[in-house]
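These notes concern the structure reproduced below.
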């Protein structure tokens, strides 16, 4: 056997081990998800390295080409903005959340900072978090536990709680609650949409960008009090 054939066989065995959830695959998956604590974009980069080394098609983590990019963009933005307004005006006030987000408060009236923050939200939340928490994490969990409805239900609940819990450290209780609710919704949509990710990427980005501009335009509290006063 030539050196080229040996390398090819090694690469194929490595790819198979990374795709499986044996000792190597499970360890790598854990380290990739744990790297979210450093920054979601870093974890997303690791996901793409895993895709390359494991020879996993992009479609298997939800990045299949949509039938209509325009449809995904329009519907995703509408769903994200609608979800944010509903959460801000109805859901979070019902749970007693404060009307304004202290973390975003420095953006009020600063259009340049809001534009920068919007770009960060698109990359950090819209793209990176969806690739890691929906695309990659569900791929790994389904490989380990199967694709039955009961297993999927536990995965949705577990991922939503994990996603929300990570937000507690930087955003406190209400930030974690908001992220848990939306994480649950994103997980459900992911499965209802046949595990396709681009719509969720746009929706998630629009949700967070809308939050930025509610603060930047000085209307966050007005929206928060629009239903319950």
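Over the chain, what is the mean sequence separation of C-alpha contacts under 8 Å (at least six apart), divided by residue count, expressed as relative contact order in percent?
For the chain, the relative contact order is 33 percent.
In percent, rounded to a whole number, the relative contact order of region 79-198 is 23, using alpha-carbon pairs under 8 Å and six or more apart. Spin-label pair residue 110-residue 20: with each label point 7 Å from Cα along the Cα-Cβ axis, the two points sit 5.2 nm from one another.
With respect to the chain, whose longest principal axis is taken over its alpha-carbon atoms, helix 149-192 is tilted by about 50°. The share of alpha-carbon pairs in the chain lying farther apart than 24 Å comes to 48%.
Ellipticity at 222 nm from helices only: DSSP H runs of n ≥ 4 in the chain, each -39500 (n - 2.57), divided by the residue count, give -22000 deg cm²/dmol. Shape class of region 12-88 from the alpha-carbon gyration tensor: oblate, with a/c at 1.5 or above and b/c at least as large as a/b. Potential lengthening of the chain between residue 13 and residue 73 amounts to 17.7 nm, from the contour at 0.36 nm per residue minus the alpha-carbon distance.
Computing FRET efficiency as 1/(1 + (r/R0)^6) for residue 162 and residue 6, where r is the C-beta to C-beta distance and R0 is 45 Å, gives about 0.65.
Sorting the segments 114-127, 149-162 by their mean number of nearby beta carbons within 10 angstrom, highest to lowest, gives 114-127, 149-162.
How far is helix 3-19 tilted, in degrees, relative to the longest principal axis of the Cα atoms in the chain, given as a value from 0 to 90 rounded to the nearest 10? The angle comes out at about 40 degrees. Placing a label point 7 Å from the Cα of residue 228 along the Cα-to-Cβ direction, the residues of region 75-117 whose backbone N falls under 17 Å from that point are 84-102.
The order of the peptides 194-207, 135-148 by mean Cβ neighbours within 10 Å, most packed first, is 194-207, 135-148. What do you get for the angle between helix 111-121 and the principal long axis of the chain? Use alpha-carbon atoms, 0 to 90 degrees, nearest ten. So the helix axis and the longest Cα principal axis differ by about 30 degrees.
Take the Cβ atoms of residue 85 and residue 147, set R0 to 30 Å, and the FRET efficiency comes out at 0.30.
Quick note: the coordinates plus some simple rules give every number you see, no bench work behind them. Predicted model only: the values in this text are computed from it and were never measured. Note that we place each Cβ from the backbone using ideal geometry, even for glycine, and neighbour counts take in every protein chain shown.
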